[in-house]
Amino acid sequence: MTDITVRSEQACFGGTQGFYSHESAACGGTMNFALYQPPQARAGEKLPLVTFLSGLTCTDENFTTKAGAQRVAADLGVLVLAPDTSPRGAGYPSEDDSYDFGTGAGFYLDATEEPWSGRYKMYSYITEELPALIAANFPADMSRQGIMGHSMGGHGAITIHLKNPDTYRSVSAFSPICAPMQCPWGEKALSGYLGKDRDSWRAYDSTELVKTKASSVKILIDQGADDNFLAEQLLPQVFVEACKQAGQDVELRMQSGYDHSYYFIQSFMEDHLRHHAAALKG
């Protein structure tokens with residue numbers, strides 16, 4: 001492999017679950033990611049790639065070990081990529097002071113405020129640097145990419161799709177932060193990374209983006225009805241209303257009895273991977 005360190009590789013449902021690291025120019029240091037290669041990868045076939053963006057406090061390991069994606073990915077013949085959620089060890093003041101800003105909370109944007117602008121370039125990392133690395137080292141068909149995520153990562157997945165619909169041809173989210181300009185998590189992150197000019201925040205707000213960048217594909221959202229963060233932080237109904245006005249196809253499924261945890265995610269992971277496979281393999 002070129003420019004990649006193999007941290008570990010394990011057999012899983014006939015394929016390979018790998019954990020890797022590399023030196024990132026965008027993020028100015030070592031970044032980790034996990035990639036599941038289904039058994040079809042051994043035949044040398046180029047396979048669709050689905051990227052999962054994790055939420056606050058997560059690493060590349062949370063989704064990989066808790067979501068139960070590998071069995072379904074093996075059946076469908078898709079690669080599943082799980083990047084980390086931020087740079088690590090940048091040494092910036094207050095980087096590790098809170099769970100919702102700094103380490104583990106990159107919000108999938110390119111920071112413009114000092115010191116964060118030096119290394120917190122998660123948008124460029126996810127959309128440019130990491131895909132190029134995957135294409136050079138793994139059997140990924142980069143013309144067939146989908147993106148999904150959870151919470152902060154759901155925010156990232158939807159915004160990245162809306163800005164790059166020709167690259168990410170399918171999209172879904174679990175309990176996404178749908179209107180970060182209108183919730184405490186979002187206001188803290190966007191002001192800290194992008195500064196006080198709220199107009200600059202719109203580029204990373206799904207509700208604002210869809211008003212001018214509606215795509216032609218369905219956005220699938222699953223939301224736990226018993227999620228403690230639903231009313232204050234997530235605001236899916238705000239996004240759905242903006243989608244209706246913009247003509248964006250969106251399906252919001254409110255799931256009774258489910259919360260914000262990976263028990264919720266693993267319960268509906270098969271639905272989401274099949275949603276992506278139908279779009280990428282149809």
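The values are calculated or read from the model by the stated rules, or taken from the named source; none is laboratory data. Quick caveat: nothing in here was measured; it's all calculated off a predicted structure. When we count neighbours, we look across all protein chains shown, and the Cβ atoms used for this are built from the backbone with ideal geometry, even at glycine. Accessible surface is based on the protein model in full, side chains and every heavy atom, while ligands, DNA and RNA are left aside. Shrake-Rupley method; radii C 1.70, N 1.55, O 1.52, S 1.80 Å.
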**OP:** Sum up the charges of everything whose Cβ sits under 13 Å from the Cβ of Leu35, counting Lys and Arg as +1 and Asp and Glu as -1, but leave Leu35 out.
**Re:** -3
Original post:
What are the residues whose amide H is under 5 Å from the amide H of Leu47, where those residues sit 5 or more places off or on another chain and H is modelled from the backbone?
Top reply: Ala140, Asp141
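Using a ≥ b ≥ c from the Cα gyration tensor of segment 82-229 (square roots of the eigenvalues), is it rounded, prolate or oblate, where a/c under 1.5 gives rounded and otherwise the larger of a/b and b/c decides, a/b for prolate?
Values: a/c = 1.57, a/b = 1.17, b/c = 1.35.
Oblate shape, in that a/c is at least 1.5 and b/c is the bigger or equal ratio.
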Subject >> In sequence order, calculated HN-Hα J values of segment 149-166 (Karplus, 6.51, -1.76, 1.60; Hz; x Gly/Pro) >> reply: x, 10, 6, 3, x, x, 4, x, 4, 5, 5, 5, 4, 4, 8, 9, x, 7
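Accessible area of segment 203-265 with a 1.4 Å probe: how many percent of it is carbon plus sulfur? Please report the intermediate quantities before stating the final value.
Values: 1430 of 3040 Å².
Result for segment 203-265: 47 percent of the exposed heavy-atom area is carbon or sulfur.
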Original post:
Around Ile147, which amide H atoms from residues at least 5 apart in sequence, or from another chain, sit under 5 Å from its own amide H, with H modelled in the peptide plane?
Top reply: Thr51, Ser170, Val171, Ser172
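Put Cys243, Cys12 in order of accessible area, largest first, 1.4 Å probe: what do you get? Spell out each step's value before the answer.
Details: Cys243 0, Cys12 30 Å².
These residues rank, largest area first, as Cys12, Cys243.
For a 31 Å ceiling on Cα separation, which of these pairs sit above it: Lys66/Lys211; Lys196/Lys244; Lys163/Lys281; Lys196/Lys218?
Values: Lys66/Lys211 34 Å; Lys196/Lys244 29 Å; Lys163/Lys281 22 Å; Lys196/Lys218 33 Å.
Long pairs (Cα-Cα over 31 Å): Lys66/Lys211; Lys196/Lys218.
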**OP:** Find which of Tyr263, Cys12, Tyr125 sits farthest along the positive direction of the dipole of the chain, computed with +1 on the beta-carbon of Lys and Arg, -1 on that of Asp and Glu, about the Cα centre.
**Re:** Cys12
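By how many nm would the segment from Thr65 to Ala25 grow when fully extended, if each residue of separation counts as 0.36 nm and the alpha-carbon distance is taken off? Kindly include the intermediate steps, with their values, before the conclusion.
Details: separation 40, 0.36 × 40 = 14.40 nm, distance 2.74 nm.
Answer, rounded to one decimal: 11.7 nm.
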**OP:** Starting from the amide H of Ile177, placed 1.01 Å from N in the peptide plane, find each other amide H under 5 Å away whose residue is 5 or more places distant or on another chain.
**Re:** Ser151, Met152, Gly154, His155
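For the chain, compute Rg over Rh where Rg is the Cα radius of gyration and Rh is the Kirkwood radius from the inverse mean 1/r over Cα pairs.
Values: Rg = 17.5 Å, Rh = 18.6 Å.
Across the chain, the Cα-based Rg/Rh ratio is 0.94.
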Original post:
Between segment 15-90 and segment 104-131, what's the alpha-carbon centroid distance in Å?
Top reply: 18 Å
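Tell me the mean residue ellipticity at 222 nm calculated for the chain from its helices only (DSSP H runs of n ≥ 4, each -39500 (n - 2.57), averaged over every residue, nearest 500).
Numbers: 8 runs with 84 residues, N = 282.
The helix contribution divided over the chain gives -9000 deg cm²/dmol.
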Original post:
Per-residue accessible area for Arg7 at 1.4 Å probe radius, Å² rounded to 10?
Top reply: 90 Å²
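Run the accessible area of segment 1-140 with a 1.4 Å probe and give the carbon-and-sulfur part as a rounded percent. Intermediate values should be presented prior to the final figure.
Values: 2510 of 5170 Å².
Result for segment 1-140: 49 percent of the exposed heavy-atom area is carbon or sulfur.
Within a Cβ distance under 11 Å of Ile221, other residues only, what is the Lys/Arg minus Asp/Glu net charge? Display every interim value, and only then the final one.
Working: positive: Lys218, Arg253; negative: Asp222, Glu251.
Local net charge: 0.
What does the accessible area per residue of the chain come to in Å², with a 1.4 Å probe and no ligands, DNA or RNA counted? Present the calculation step by step, with values, prior to reporting the outcome.
On the way: 10730 Å² over 282 residues.
In whole numbers, the chain has 38 Å² accessible per residue.
In debye, nearest 20: dipole of segment 99-160 around its Cα centre with unit charges on the Cβ of K, R (+) and D, E (-)?
Details: 3 positive and 7 negative charges, 37 e Å.
With only Lys, Arg, Asp and Glu charged at Cβ, the dipole is about 180 debye.
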Original post:
Going 7 Å from the Cα of Glu45 in the Cα-to-Cβ direction, what parts of segment 142-164 have a backbone nitrogen less than 18 Å from that spot?
Top reply: 142-146
